[in-house]
1. Would you point out the residue of segment 141-163, among those that are more than 12 Å from Ile180 (Cβ to Cβ) and assigned to a helix (DSSP H, G or I), that is modelled with the lowest pLDDT?
2. Among the residues of segment 53-72, are any part of a helix (DSSP H, G or I), touching a residue at least 12 places away in the same chain (Cβ under 8 Å) and charged (D, E, K, R)?
3. With the requirement that a residue be farther than 16 Å from Pro279 by Cβ and surrounded by 15 or more Cβ atoms within 10 Å (Cβ to Cβ), what does segment 189-212 give you?
4. Is it the case that some residue within segment 83-97 is out of contact with any Leu (no Cβ under 9 Å at 6 or more places or on another chain), at pLDDT 95 or above and part of a strand (DSSP E or B)?
5. Could you check segment 84-141 and list, in sequence order, the residues that are within 25 Å of Gly5 (Cα to Cα), of a type in the set (Gly, Ala, Ser) and crowded, with 16+ Cβ neighbours inside 10 Å?
6. Give the residue that is nearest to Ala99 (Cα to Cα), with candidates limited to residues of segment 189-215 that are modelled with pLDDT under 95 and not in a helix (DSSP H, G or I).
7. Which members of segment 1-42 meet the condition of being among the small types (Gly, Ala, Ser), closer than 21 Å to Ile104 by Cα and either in a strand (DSSP E or B) or over 15 Å from the mean Cα position of the chain (by Cα) (or both)?
8. I'd like to verify a number: residues in segment 108-140 that are outside any loop (DSSP other than H, G, I, E, B) and of a type in the set (Phe, Trp, Tyr), how many?
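The values are calculated or read from the model by the stated rules, or taken from the named source; none is laboratory data. All values reported here derive from a predicted model rather than from experimental measurement. All Cβ positions, even for glycine, are placed from backbone atoms using ideal geometry, and neighbour counts span all protein chains on display.
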Amino acid sequence: MTKVGIGLPGVSIADVRGAAKAATSYSYDSFSVYGDLGDLPPYAVLHAVADSLEGSDIRSIGPMGVPVSMQHAEVIGMHALALEEQLPNQSYVGLVRGAFLESIREKPASLAKLEATVTDLRNRFQDKAEDIPIYIGGFGQRVLGLAGRLAVDGIKLGGSTNPVLAEKARQTVNNPHARIVLGAVSVIDIDRKAARQLARREVSKYLDVVGSLDTTLDPDELASFASFDERFRAADPQASDAISDSLLDKFAIAGTPEDAMEALQRMHGIVDRFEFGTPHGLHGHAAGIHYIGQSIINELGE
């Protein structure tokens, strides 16, 4: 079965620490902190809560991802080495071009900048005799092609639960050793209706960015996305109402643990890891992470 991880924003040190302590109670495969605009810098957060994660069974802990146009490779590398010192053999570094930067009139990094950063980090890690996995986040064919050519350790398709898209990405990357990771808004609760209502609202800001990048949507899903996008860009507070059930299920996992297990089963054999993303549940990150752990992680273990 596809392995399960956790992804969340750096809302506050206290929030991420609570989430980290919750996650260490279960056999999660990863613990990732986002680097989106409005979040605390992921490395700052991870350094602050590393003591809560040290020695746990979580194998991959890191930022997903660091916008390479906002930080020089030298700075990223020093942070990565410091986190590896705090969490030996548990850390990774995730790099992104920075799709959200356009909202503050900054350009996402070029592919050349992304490639140079990967190369610089590898040289630095080799000089320090460290083997820190490098992941790249992105949907685009050129980014996926670059990930394959650079033979990075993994690719993260953030904002998607779509195994068809993941299979296409795997073919483009064309590297059997690269891990394919999906991650998306997740709301898991026994109250299915409430979970899906919240997920529709939460997924809106991500769907606006990544919705047009999924080339596998069917005509009905494309029509739903077009209606949503028009209303969202017009600042309609009810724009999420236009998100159909089918479209929602391509960009979020929302519903009961049984719904989540079915989604994971569809990823089996295609996706190496799925990261349950914010807000996790109806009652905060820590409670949601505990619930996913009890109802899904423990069930998978059995």
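1. Filtering first and then ranking leaves Gln141.
2. no
3. Asp208, Val209, Val210, Gly211
4. Scanning segment 83-97, I find at least one residue that is out of contact with any Leu (no Cβ under 9 Å at 6 or more places or on another chain), at pLDDT 95 or above and part of a strand (DSSP E or B), so the answer is yes.
5. Hits for segment 84-141 are Ser91, Gly94, Gly98, Ala99, Gly137, Gly138.
6. Result: Asp214.
7. Residue satisfying the conditions is Gly38 alone.
8. Of the residues in that region, 2 qualify.
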